[in-house]
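Engineer: Have a look at this one.
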Amino acid sequence: MQITQIEVYKFPVRLKKPFVISLGSFDYAENVIVVIRTSEGSTGFGECSPFMPINGESMETAYLVANYLGKALIGKNPLDIETCSVEMDRTIYGNSSIKSAFEIALYDIASQHSGLPLYAFLGGKNNKTLLTDYTVSLGDPEQMSANAQEIKDRGFQVIKVKLGDDPEKDIFRIKAIRTRIGAEIPLRLDANQGWNVESAIRVLNELAPYNIQFCEEPIARWNFMELPRIRKKSPIMIMADESCCDHHDAKRLIDLDAVPAFNIKLGKSSGIFKALKIIRLAEQANIQLQIGGFLESRIGFTAAAHLALTSNNVTFCDFDTPLMFSEDPVSGGINYGENGIITVPEVAGLDASIDREYLKKLSGFTIK
């Protein structure tokens, strides 16, 4: 089997409302779709959601780099994913987001070829409930508490809260949310690197009584050597996100005994191949895992959901952004049920795609 054709499309989708974090405000999911076709008639779909403040890529740069990656993969065996991954890394350094879109498409083809759902092809089992949180964007405390109430009323069992622009205001925001929705629903905090070390320790101790599951990336990613100190002084579990991109980062954090939890995103790890390496390291070190993402559609998050079924160490899921889209052109893929429960398709491959008529409306190019 050989890769005979690769199609790349810009895939911008307006969000229902702005998505706001400490690193910026976003009105669109500016994604890229990759479609790989083979000599045996197989088709694989992949997607990435480049995020400039985190992985240094945009829809435009990913679209450009995809041309180099596609030319490097034409003629390759799509079932030899390790070789394809190595070839992409040899072609260009970094660019983890667009590489992940190619990898998802390759794994789609390989799992179709095996006749197995992607999670089973990866050695996983569909033996647990996948439950996503839903995110409250950063903003005015009153608006954030109202948004939290809306999320609770929709039946979600866990709420994620974006923080990180001002420590004192962040404390007030959580107190306002708790006053509005009560104490029962667990909260997950995400500071997106917004605090300094002392502020992080102070905020996390102040918020300890408020039923907080964990806090993602409290300080700047480059300051990861300080994570062990925060871990020791925080009553709230710390989860590495921006400071844990690939398996090399994971190994470094484990050696430092820096955090008890990692957040894996395919757009940070360059795709499934390296994400699995993070998972194996986490299992050996008894690290809890969350599988999350950026602003992918149900294509990207279907791959993430399959990945979440590959390890018992994956105890948290953050798959909410497709629900924020103003439209959903994806066929198949994960299903969002009541209370944030997610189910994956029990068919061979990824089983998430976009039809040709919709793709024709998008800007794209083809490599043969």
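The numbers here are math on the coordinates, done by the rules we state, and not lab data. Predicted model only: the values in this text are computed from it and were never measured. Quick reminder, even Gly has a Cβ in these numbers, built from the backbone with ideal geometry, and neighbours come from all protein chains shown.
Engineer: Just rank Asp108, Asp318, Asp80, fewest to most, by other beta-carbon atoms within 10 angstrom.
Structural biologist: Details: Asp108 30, Asp318 23, Asp80 14.
Fewest-to-most ranking of Asp108, Asp318, Asp80: Asp80, Asp318, Asp108.
Engineer: Continuing with the same structure: Which value at 222 nm does the chain reach when only helices count, each DSSP H run of 4 or more adding -39,500 (n - 2.57), with the total divided by all residues and rounded to the nearest 500 deg cm²/dmol? It would help to have the intermediate numbers written out before the result.
Structural biologist: Numbers: 14 runs with 141 residues, N = 368.
Helix-only estimate at 222 nm: -11500 deg cm²/dmol.
Engineer: Provide Rg over Rh for the range 203-264; use the alpha carbon set for both Rg and the Kirkwood Rh (inverse mean inverse pair distance). Mind dumping the intermediate values first?
Structural biologist: Numbers: Rg = 11.2 Å, Rh = 11.7 Å.
The Rg/Rh ratio comes out at 0.96.
Engineer: Run through every distinct alpha carbon pair of the chain and return the Kirkwood hydrodynamic radius in angstroms, one decimal place.
Structural biologist: Details: mean 1/r = 0.0486 Å⁻¹.
Evaluated over the chain, this radius sits at 20.6 Å.
Engineer: Over 19 Å, how big is the tail of the calculated P(r) for the range 115-274, in percent of all Cα pairs? Please list the in-between numbers first.
Structural biologist: Working: 7322 of 12720 pairs.
Within the range 115-274, distances greater than 19 Å cover 58 percent of Cα pairs.
Engineer: In percent, what relative contact order does the range 114-207 have, based on Cα pairs under 8 Å that are 6 or more apart in sequence? Mind showing how you got there, number by number?
Structural biologist: Working: 109 pairs, mean separation 26.2, N = 94.
After rounding, I find 28 percent.
Engineer: Only Cα pairs under 8 Å and at least 6 apart count here; give the relative contact order of the chain as a rounded whole percent. Numbers along the way, then the final one.
Structural biologist: Details: 854 pairs, mean separation 79.2, N = 368.
Reported as a whole number, the value is 22 percent.
Engineer: In degrees from 0 to 90, rounded to the nearest 10, what is the angle of the helix 272-285 Cα long axis to the longest principal axis of the chain?
Structural biologist: 40 degrees
Engineer: Something else about it: Enumerate the amide H contacts of Met239 below 5 Å, restricted to partners 5 or more residues apart or on another chain; note that Pro and chain-start residues carry no placed amide H.
Structural biologist: Under 5 Å from the amide H of Met239: Cys215, Glu216, Glu217.
Engineer: For the range 1-105, run through the chymotrypsin sites (Phe, Trp or Tyr not before Pro) and keep only the ones in DSSP coil with at most 10 other Cβ atoms within 10 Å of their Cβ.
Structural biologist: Hits after loop and neighbour filter: Tyr93.
Engineer: Across the range 1-56, what fraction of all alpha-carbon pairs, as a whole percent, falls in each successive 10 Å bin from zero upward?
Structural biologist: 21, 38, 23, 14, 4
Engineer: Which order do Arg229, Arg178 fall in if you start with the one that has the fewest other Cβ atoms within 10 Å? Mind showing how you got there, number by number?
Structural biologist: On the way: Arg229 14, Arg178 18.
Ascending number of Cβ neighbours within 10 Å: Arg229, Arg178.
Engineer: Continuing with this model, one more query. Exceeding 25 Å between C-alpha atoms, which entries from my cross-link table qualify? They are Lys125/Lys152; Lys274/Lys368; Lys76/Lys277; Lys17/Lys152; Lys16/Lys160; Lys125/Lys277. Please report the intermediate quantities before stating the final value.
Structural biologist: Values: Lys125/Lys152 30 Å; Lys274/Lys368 27 Å; Lys76/Lys277 23 Å; Lys17/Lys152 18 Å; Lys16/Lys160 18 Å; Lys125/Lys277 18 Å.
Lys125/Lys152; Lys274/Lys368, as the Cα separations exceed 25 Å there.
Engineer: Of the listed peptides 299-310, 274-285, what is their order by residue-averaged count of other C-beta atoms within 10 Å, with the highest listed first?
Structural biologist: Numbers: 299-310: 28.4, 274-285: 19.2.
My ranking of the peptides, most packed first, is 299-310, 274-285.
Engineer: Among Gln290, Trp195, Thr310, whose Cα sits farthest toward the positive end of the charge dipole of the range 120-343 (+1 at Cβ of Lys/Arg, -1 at Cβ of Asp/Glu, about the Cα centre)?
Structural biologist: It is Thr310.
Engineer: Where a Cα-Cα gap under 13 Å defines reach, which aspartates and glutamates qualify for Lys360, not counting those fewer than 8 residues away within the same chain?
Structural biologist: Partners within reach: Glu7.
Engineer: Using the count of nearby Cβ atoms within 10 Å as a rough guide to exposure, how do Glu60, Glu7 rank from fewest to most? Don't skip to the answer; put the middle values down first.
Structural biologist: Numbers: Glu60 12, Glu7 22.
Listed from fewest to most nearby Cβ atoms, that is Glu60, Glu7.
Engineer: Please pull out the direction-averaged projected area of the range 48-126, using the convex hull of its alpha-carbon atoms, in nm² to one decimal place.
Structural biologist: Values: hull surface 23.0 nm².
The number I arrive at for the range 48-126 is 5.8 nm².
Engineer: To the nearest 20 Debye, how big is the dipole of the chain about its Cα centre, given +1 on the beta carbon of each Lys and Arg and -1 on that of each Asp and Glu?
Structural biologist: Details: 39 positive and 46 negative charges, 54 e Å.
Charge dipole, the chain, about its Cα centre: 260 debye, nearest 20.
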